[in-house]
Amino acid sequence: MTSTLEFQPLRLPERVQQLRLEVRAFIQSEIDAGVFNPDDPETDWEIHRQFARKVAARGWIGMTWPKQYGGQERSFLDRYVVNEEMLVHNAPNTVYFTADRQSGPTLIRYASERIKSEVLPKIIAGEACFCIGMSEPDSGSDLFAAKCKATRSEGGWRINGTKIWTTNAHQSNYMIGIFRTSAPTTENRRHGLTSFLVDMKAPGITCNLIDQMSGIRDFNEVVFDDVFLPDDQLIGEVDGAWKQATTELAYERSGPERFLETFAVLRNLVGLAGNSADQRLGEAIGRLVAELHSLRRMSVSVAGMLEAGREPTAEAAIVKDLGTIWEQDLPQRVRDAIAFLPADEAFDRFDEVLQFTTRIAPKLTIQGGTTEILRGVIARGLGLR
Amino acid sequence: MQVDTIVLDSAERLFQDVADIQSVVSAKNTSWKEKLWSGIEENGLNIAAVPECLGGAEIGLQSALGILRIAGRMALSAPLAETILAGWMLGAAGLTAPTGKIAFGPARFGDGIFMKLDGTVSGRASHLPFASECSHAVLLVQGHQGLSVVLVPLADAQITSRQSLAYEPLDHVTFKDVQPVASAAAPAGFDKDTALLMGAAARSMQIAGAMEKILAITMDYATQRKAFERTISKFQAVQHGIAQLAGEVAVSLSAAESAAEALDSLLGAGRGFDDPELQLEVMSAKIRVSTAIRKGAAIAHQLHGAIGVTNEHILHRLTLRGLAWRDDYGNESQWSEKLGTLICGRGAEALWPLLSTR
Ligand SMILES: Cc1cc2nc3c(=O)[nH]c(=O)nc-3n(C[C@H](O)[C@H](O)[C@H](O)COP(=O)(O)OP(=O)(O)OC[C@H]3O[C@@H](n4cnc5c(N)ncnc54)[C@H](O)[C@@H]3O)c2cc1C
């Protein structure tokens, strides 16, 4: 039985840490100029758009991609620190985040030449927002139950059906979605789904925003009514989408977004405690910081594995499992820590951050694959399945 | 610094040959202990962190701590961590290490051990691991002119024997005007908690090693044991338990290795023990690994069923040691409080810059 898990204590090279400081200085200047508030995620889309252009102008989108499409072929670790600084400061990075992390790499690997040369430069310029069309009303964890259909039509395909929970569909220029092109076979229930690039401005697409308990309005029901897709928007193999999703998942799962989403509440807790933390509060803060540091070191180590060309599937799933559980629990543990503090004005301001992070906590272990699904992935990686 | 895989491999072979957990559990007597220790000395593992100029092997702190991860996997019952750290501390102070087993302390916050003007040592080292099996102790003590490293003969101290959670010696040692064999001013960069911090790094590696082995034997068991006409590893609840155990193992290995690397490279670059990066790394490791063993041991025992609580089974040698090691050289609550104080003292805006330097 193989159970060897190895996490080399990778250190980010000096050059990469230098880049981090540049990114941080840029972010600070944006905060100082009042563009956004790191304690309160920005909801104004126009600010996100302008921010994406500024980030693009600095060369920080698609920085690992081939030069031929406008990328810089920089290391994955460069991207890692840019991403980390943006997330930890709650920067308005929504326009390019998904495209930079996964849609772009998928296109590079599987899309037609026309699509690559047309779309990748737009992402790099901060002009193309992507959404992911996987989930449907009757198909969530069980991706392979998807029913939303793509049928052959002259020069391309026609799409009919519904996707749901599609984050930022209403603001996106493109979707990469999976659609039913044939029935599953008895030997392979994963057969029959095909991945396509969808132009979200194509006729026949309706996005209906769905409100979340946190007040966030970013995910949608997306209805397709006979939407036409030209042939060269096929991504990869017809009926073979299931073969295509392996390495990208490791990038998606092990990144700092899997433990930093509620970081603001920890930073604010340290601020609230000030220099007068008693033993109980000090202990609580120290423990949380130790856990965050440990998660981060694991995530950096996985980044090193990816950079070295390995496929750390189980390791990445572990980072996401531990990371999302931690960031979900964080607001509750912060609440415990402050139980005996006086309820003054500073406390009330702090409480707003605490409330927001508590309201978003439940989604953290659902989005991008639930805890239960991840644990299955880990078990498979260990050879138990 | 490169990890010395040759030394690590020979340590692994030695431990397997003479102190394999199953053989130790089944052993009728403790003759393996002698063999183990002479093997340790023959291979120079005891002097792994002693400088070459003082007759040591000087394989670097990261590798020396790496030996302890392997020792942890074997649930090794010997003062190897203590002796390695004692040799390291003596070497750092320019003193030569004796042969034999050496205790290392203080191992608890709040111990008061002092050196008087006449050079004698007095005070109490509580819960000092393996003291009753050791000929000497190396202690970081408070003197009139700052900290000193002392090598004291334990024959001249009063030892109250007691046992740890894992039935290992964890003794109270009282010194009354004991003349050290050797002493020297503590090197620049040491502070009063240096022995505790070094011990914490060592115990983190030992616990991480024990966790690795706990995962391996739990997977072996789960893929062999049958219930309801199925191998239990086919039950989803069992798979999820193992997945969580693997997560705790992963974070333990990562944190402990990170701390070991940090100690090696930061001290090598001339930083002191008051360095916040160094403190973050080592304290975090001990805190996180101690939480991990609690959860990991519980899962492993649950999945083993009754056989796992028997004396004959090897599981308890790993789980009880892992749990006991939490209390040596600062427990997770104490280190958390220290780390929290450090973080609060630096302020909210300094938190992320510190984390992201590592
Ligand atoms: C904030 C947010 C944003 C999202 N954004 C997107 C997006 O942009 N694009 C997109 O396609 N989707 C998106 N999703 C959807 C997300 O991927 C799904 O919610 C997720 O995959 C789970 O599917 P489900 O909600 O249908 O739950 P279900 O699959 O119905 O699961 C319900 C419960 O059953 C458990 N369960 C299911 N199967 C198993 C099993 N085999 N073993 C054990 N337990 C099981 C699950 O773990 C869960 O606890 C988003 C979700 C959220 C919350």
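The values are calculated or read from the model by the stated rules, or taken from the named source; none is laboratory data. A quick note: this is a predicted structure, and the numbers were derived from the prediction, not measured. Note that each Cβ is placed from the backbone with ideal geometry, even for glycine, and that neighbours are counted across all protein chains shown. For accessibility, only protein heavy atoms count, side chains too; no ligands or nucleic acids. Shrake-Rupley method; radii C 1.70, N 1.55, O 1.52, S 1.80 Å.
Comparing mean-square fluctuations of B:R271, B:R346, B:R326 from a GNM of chain B with C-alpha springs under 10 Å, the top value falls on B:R346.
Looking only at B:D177, B:D220, B:D118, which one moves most when chain B is put into a Gaussian network model with springs between Cα atoms under 10 Å? Highest fluctuation among the options: B:D118. Here is the list for the range A:40-81: GluC sites (Glu not before Pro) lying in DSSP coil, each with at most 11 other C-beta atoms within 10 angstrom of its C-beta, are A:E73. Residues in the range A:14-128 average 40 Å² of solvent-accessible surface per residue, probe 1.4 Å, ligands and nucleic acids excluded.
Here, chain A has an Rg and a Dmax of 21.4, 72 Å when only alpha carbons are counted. Solvent-accessible area of A:W242, probe 1.4 Å, all protein chains present, reported in Å² to the nearest ten, please. Rounded to the nearest 10, the figure is 80 Å². Accessible area per residue for the range A:132-241, computed on protein heavy atoms with a 1.4 Å probe, is 46 Å².
In percent, rounded to a whole number, the relative contact order of chain A is 15, using alpha-carbon pairs under 8 Å and six or more apart.
Grab the beta carbon distance between A:D344 and A:R58, set R0 = 51 Å, and tell me the FRET efficiency rounded to 0.05. E between A:D344 and A:R58, to the nearest 0.05, is 0.80.
In the P(r) worked out for the protein assembly as shown, what percent of Cα pairs fall beyond 34 Å? So the portion of pairs separated by more than 34 Å is 52 percent.
This model, with +1 at the C-beta of Lys and Arg and -1 at the C-beta of Asp and Glu, gives chain A a dipole about its Cα centre of some 1000 debye. Less than 5 angstrom separates the built amide H of B:I102 from those of B:T83, all sequence-distant by 5 or more or on a different chain. With the gyration tensor restricted to C-alpha atoms of the range A:14-128, the semi-axes of the equivalent ellipsoid amount to 24, 17, 11 Å, longest first. Charge tally around B:Q236: other residues with Cβ under 9 Å, Lys/Arg +1 each, Asp/Glu -1 each, net +1.
Of the three principal axes defined by the Cα atoms of the range B:101-187, the extents in descending order read 38, 24, 21 Å. Could you pull out every one of the lysines with an alpha carbon less than 25 Å from that of B:K295, ignoring same-chain neighbours closer than 8 positions? Partners found: A:K320, A:K363, B:K213, B:K226, B:K234, B:K286, B:K338.
Springs join every pair of Cα atoms under 10 Å in this Gaussian network model of chain A, and among A:I47, A:I235, A:I318 the largest mean-square fluctuation is at A:I47. Remark: the range A:119-252 is approximated by an ellipsoid whose semi-axes, taken from the C-alpha gyration tensor as √(5λ), come to 22, 18, 16 Å, largest first. Neighbours of A:R20, meaning other residues whose beta-carbon lies under 11 angstrom from its beta-carbon, give a summed charge of -3 when Lys and Arg score +1 and Asp and Glu score -1. The alpha-carbon of B:K35 sits under 14 angstrom from the alpha-carbons of these aspartates and glutamates, leaving out residues fewer than 8 places away in its chain: B:D17, B:D20. Shielding of peptide A:267-279 by partners, expressed as the average count of other chain Cβ atoms within 10 Å per residue Cβ, is 4. Neighbouring Cβ atoms from other chains, within 10 Å of the Cβ of residues in A:15-26, number 1 on average. By how many degrees, 0 to 90 and rounded to 10, does the Cα axis of helix A:263-273 deviate from the longest principal axis of chain A? It works out to around 10 degrees. At the residue level, A:S141 shows approximately 80 square angstrom of accessible surface with a 1.4 angstrom probe and all protein chains present. In a Debye calculation with equal point scatterers on the alpha-carbon sites of chain B and no solvent, what is log10 I(q)/I(0) at q = 0.08, 0.09 Å⁻¹? Computed log10 I(q)/I(0) values: -0.38, -0.49. Averaging the Cα positions of each part gives two centres, and for the range B:64-108 and the range A:17-42 these lie 46 Å apart.
The charge dipole of the protein assembly as shown, taken about the Cα centre with unit charges on the Cβ atoms of Lys, Arg (+1) and Asp, Glu (-1), comes to about 1320 debye, rounded to the nearest 20.
Between the listed residues B:A227, B:Y167, B:I314, the Cα displaced farthest toward the positive end of the dipole of the protein assembly as shown, a dipole computed from Cβ unit charges relative to the Cα centre, is found at B:A227. Database remark: amide H of A:G133 closer than 5 angstrom to the amide H of A:I176, A:G177, A:I178 (H placed geometrically; neighbours at sequence offset of 5 or more, or on other chains; Pro and chain starts carry no H).
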